[in-house]
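**Q** Below is one structure. I have some questions about it.
Readers should treat all values here as calculations from the given coordinates under stated rules, not as data from a laboratory. This one's a predicted model, so the numbers in the text were calculated from it and none came from an experiment. Virtual Cβ from ideal backbone geometry, glycine too; neighbours counted across all protein chains shown.
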Amino acid sequence: MPGQITAPKSLCLLRLSAIGDVCHAVSAVQNIQRQWPHTQITWVMGKVEANLLKGLDNVELIIFDKRAGLKGYLDLREQMKGRSFDVLLHMQVALRASIASFFIPAKIKIGFDSKRAIEGQWLFTNKKIAPQHHPHVLDGFMGFADALGLSVSAPTWHMPLADTDLLWASEITNDGLPIAVISPAASKAERNWYTEGYVQIAEHLVERGFSVVICGGPTTMEILLAEDICSRSKVELTNLVGKTSLKQLLAVLKLAHLVIAPDTGPAHMAVTVGTPVIGLYAHSNPHRTGPYLYQQYVVSCYQHIVEEQYKKPLAKLSWGVRAKGRNLMNGITINQVKDKIRQLIADNYPEME
């Protein structure tokens, strides 16, 4: 399909989850929109992710509820009845997404290249993107724009964010100080840094003149971790964990001066609104899944761990191989994070030094 000149009338994108990944995909969608402004774009995505992206400019959102089992597929089939798309961008290799793609009528269905089209994705597509050498997840999505014959530019984002959410965020964080957000919890507890590390970094940020806000979702693990951090801290922290909608969380991240987080959705949400991120990594390769625009602020012990576990240099390991085990994040030191805070402030807010 490379070399196509005529813009299709309709295009459907299938990327159900997760928050970080749909944030990456937004940049690809908006890259397409800049070059094909009249193409009608429909995006099939998960229920939670739609709460974040509702109101995305000139994009129709169709919700696929993966928790609904068979009913989710039947609902999708019903919503697709009588419709046909010129192109489907099948951006998720999970089998449930491929089964969902079966109910999306499209003339051309583009999937990942042969190496990445795992879980049988290649059975559900008739075109592939070009192979890529060690891509970040976001670059992988940009490969779909390239497969359409479009140019690929540096990513930009225009996230749907209402004035009411920004006003709410400004009121809840309005103490006249610069804001530092700590989003301490990833979806799996083993990817979280240790509590005392977060406590000492929160206290360090307060000493540097920041108001510190703890953010996260409503799961029990996230709530308990935030409460533990706040109870151990010798300084006052604002705990918003489980108390915001995704839109409100995005607004808080936009108003923040910096964000500290492991490999979790809010880190990538922050990137979309231009807030520098210090990413903490041990289990996954930050060059593949780290904060896209802020790789220079990543603190990672990933390479050391995987080379030790697999007894090979990183260059000889498959791209994106994950480190295994608990307590791996303990390899990140408090001083390493403090050093990145200093670097980030010097680069972005020299007046605060």
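**Q** Provide the descending list of Cα extents for the range 142-287 along its principal axes, expressed in whole angstroms.
**A** Principal axes ranked by extent give 56, 37, 29 Å for the Cα atoms.
**Q** On a 30 Å Cα-Cα criterion, which of the cross-link pairs Lys115/Lys340; Lys115/Lys188; Lys254/Lys338 come out too long? It would help to have the intermediate numbers written out before the result.
**A** Numbers: Lys115/Lys340 35 Å; Lys115/Lys188 27 Å; Lys254/Lys338 22 Å.
Violating the 30 Å limit, Cα to Cα: Lys115/Lys340.
**Q** Could I ask something else about it? Under 15 Å from a label point 7 Å along Cα→Cβ of Glu207: give me every residue in the range 220-244 with its amide N that close.
**A** Only 233-236 pass the distance filter.
**Q** For a Förster distance of 22 Å, can you work out the FRET efficiency between the beta-carbons of Asp339 and Arg232, rounded to the nearest 0.05? Show your work: numbers first, answer last.
**A** Values: r = 23 Å, r/R0 = 1.03.
Efficiency, rounded to the nearest 0.05: 0.45.
**Q** Still on this structure, please answer the following. How far is helix 70-79 tilted off the main Cα axis of the chain, in degrees rounded to 10, range 0 to 90?
**A** Here the helix axis deviates by roughly 60 degrees.
**Q** Ok, one more. Build a GNM of the chain with springs between Cα atoms under 10 Å: which of Gly242, Gly217, Gly69 gets the top mean-square fluctuation?
**A** So, out of Gly242, Gly217, Gly69, the one fluctuating most is Gly69.
**Q** Same structure, new question: Could you give the nm distance between label points at Ile118 and Ser151, where each point is 7 Å from its Cα heading toward the beta carbon?
**A** Those two pseudo-labels are separated by 3.5 nm.
**Q** Relative to the present Cα-Cα distance, how much length would full extension add between His133 and Arg83 at 0.36 nm per residue of separation? Intermediate results must be reported in sequence, preceding the final value.
**A** Values: separation 50, 0.36 × 50 = 18.00 nm, distance 3.60 nm.
Difference between extended and current length: 14.4 nm.
**Q** Under 16 Å Cα to Cα from Lys312, which lysines show up? Leave out anything in the same chain fewer than 8 places away.
**A** Lys324
**Q** While we're on this one: Please give every one of the lysines within straight-line cross-link reach of Lys71, meaning a C-alpha to C-alpha distance under 24 Å, and leave out same-chain neighbours fewer than 8 residues apart.
**A** Result set, ordered by chain and number: Lys47, Lys54, Lys81, Lys109.
**Q** Rg/Rh for the chain: what does it come to with C-alpha atoms and Rh from Kirkwood?
**A** Details: Rg = 20.8 Å, Rh = 21.3 Å.
Using only Cα positions, Rg/Rh for the chain is 0.98.
**Q** Rounded, prolate or oblate for the range 10-147? Axes are the square roots of the Cα gyration tensor eigenvalues, ordered a ≥ b ≥ c, and the cut-off for rounded is a/c under 1.5. Intermediate values should be presented prior to the final figure.
**A** On the way: a/c = 1.32, a/b = 1.14, b/c = 1.16.
Rounded shape, in that the Cα axes give a/c under 1.5.
**Q** Connecting C-alpha atoms closer than 10 Å in a GNM of the chain, tell me which of Tyr198, Tyr294, Tyr310 has the biggest fluctuation.
**A** Tyr310
**Q** With a 10 Å cut-off between alpha carbons and a GNM built on the chain, which of Met269, Met329, Met142 moves the most?
**A** It is Met329.
**Q** Using a simple charge model, +1 on the beta-carbon of Lys and Arg, -1 on the beta-carbon of Asp and Glu, nothing else, what dipole does the range 163-348 show about its Cα centre, in debye to the nearest 20? Kindly include the intermediate steps, with their values, before the conclusion.
**A** Working: 18 positive and 17 negative charges, 171 e Å.
Roughly 820 debye for the range 163-348.
**Q** Work through the residues other than Ile229 whose Cβ is under 13 Å from its Cβ and net out their charges, Lys, Arg +1 and Asp, Glu -1. Show your work: numbers first, answer last.
**A** Details: positive: Arg232, Lys234; negative: Glu196, Glu203, Glu222, Glu227, Asp228, Glu236.
Here the charged neighbours net out to -4.
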